[in-house]
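Peer 1: Questions regarding the structure given below will be posed in turn.
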Amino acid sequence: MATAAARRYAKAIFELAVQDNEIDEWSKRLARVRELFADDRVAAVLTNPTIATVEREQLIVGLEGLDKEATNLARLLIESRRVNDAEAINEEFQRLSDDAAGRVRATATTAVELSTDVRDDIRRDLSERLNKDVRLSVVVDPRILGGLRLQFGDHVIDATVATRLAQLRRRLVMN
């Protein structure tokens, strides 16, 4: 869940990206900054208050995959002590980008791997119901035993065997 600060940063970056017609480019920049800051060793150095801010900022200057704008963003996050918000900023930016493009991201959780045809059917059905382009990712979790859990936005459709068994267990205990 994005913090209020992460949402503000993402919104500002998104507005800049729209203004400059660079949504895809900013998406790549944010992904690269997130990837860089996700490394525990890098994050430990960049958040270390015993190292001067200027020195921490200099560590990322000229890194491969960081253009001028990405470097400036990374420096801003270091300076404002928001290194740990990079993931949330990236996620919120992607959400804003998806909303603007009429897309929704969904995750289907199943007990076994789904075939391409089944994935396409789920994506197509959800796209028709939501009247939006759906980007579907599938997660395999054997703990659900069977069935499907579908999550998109704030919505969860849980038709898993594990959930049905838990509901049955609760009903039996109550009677």
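Rule-based calculations on the coordinates, nothing more; no lab input. Note that the coordinates shown come from a computational prediction; the quantities given were computed from them, not determined experimentally. So basically every Cβ, Gly included, is an ideal-geometry build from the backbone, and we count neighbours across all protein chains shown.
Peer 1: Determine the shape class of segment 1-48: with a ≥ b ≥ c the square roots of the Cα gyration tensor eigenvalues, call it rounded for a/c under 1.5, and otherwise prolate if a/b is greater than b/c, oblate otherwise.
Peer 2: Values: a/c = 3.03, a/b = 1.67, b/c = 1.81.
The shape class here is oblate.
Peer 1: In square nanometres, what is the average projected area of the Cα convex hull of segment 102-175? Don't jump to the answer; show the numbers that get you there.
Peer 2: Details: hull surface 22.1 nm².
Taking a quarter of the hull surface, the average projection is 5.5 nm².
Peer 1: Averaging sequence separations of C-alpha pairs under 8 Å and six or more residues apart, then dividing by the length of the chain, give the relative contact order as a whole percent.
Peer 2: On the way: 200 pairs, mean separation 36.1, N = 175.
Answer for the chain is 21 percent.
Peer 1: Using a Förster radius of 45 Å, what is the FRET efficiency between A31 and R164 based on their Cβ-Cβ separation? Nearest 0.05, please. Could the numbers behind the result be given before it?
Peer 2: Details: r = 38 Å, r/R0 = 0.84.
Efficiency, rounded to the nearest 0.05: 0.75.
Peer 1: Rank T110, A88, L77 by how far each Cα sits towards the positive end of the charge dipole of the chain (+1 on Lys, Arg Cβ; -1 on Asp, Glu Cβ) and give me just the farthest.
Peer 2: T110
Peer 1: I would also like to ask the following. Using just the helices of the chain, give the 222 nm mean residue ellipticity in deg cm²/dmol: DSSP H runs with n ≥ 4 each add -39,500 (n - 2.57), and the total is spread over all residues, rounded to 500. Please list the in-between numbers first.
Peer 2: Values: 8 runs with 104 residues, N = 175.
For the chain, the value works out to -19000 deg cm²/dmol.
Peer 1: Shifting gears a bit: Quote to one decimal, in nm, the extra length available between A12 and H155 on full extension: 0.36 nm per residue of separation minus the C-alpha distance between them. Spell out each step's value before the answer.
Peer 2: Values: separation 143, 0.36 × 143 = 51.48 nm, distance 2.64 nm.
Working it through step by step, the gained length comes to 48.8 nm.
Peer 1: Which of rounded, prolate or oblate describes segment 69-111 when judged by the alpha-carbon gyration tensor and an a/c cut-off of 1.5?
Peer 2: Judged from the Cα gyration tensor, segment 69-111 comes out oblate (a/c at least 1.5, b/c at or above a/b).
Peer 1: Would you indicate which of (i) 16.3, 55; (ii) 16.8, 47; (iii) 20.5, 67 is the value of Rg and Dmax of the Cα atoms in Å derived from the coordinates of this structure?
Peer 2: (iii)
Peer 1: Enumerate the residues in segment 98-119 having an amide nitrogen under 15 Å from the point lying 7 Å beyond the Cα of D125 toward its Cβ.
Peer 2: Taking a point 7 Å out along Cα→Cβ of D125, the residues of segment 98-119 whose backbone N falls under 15 Å are 107-111, 114-119.
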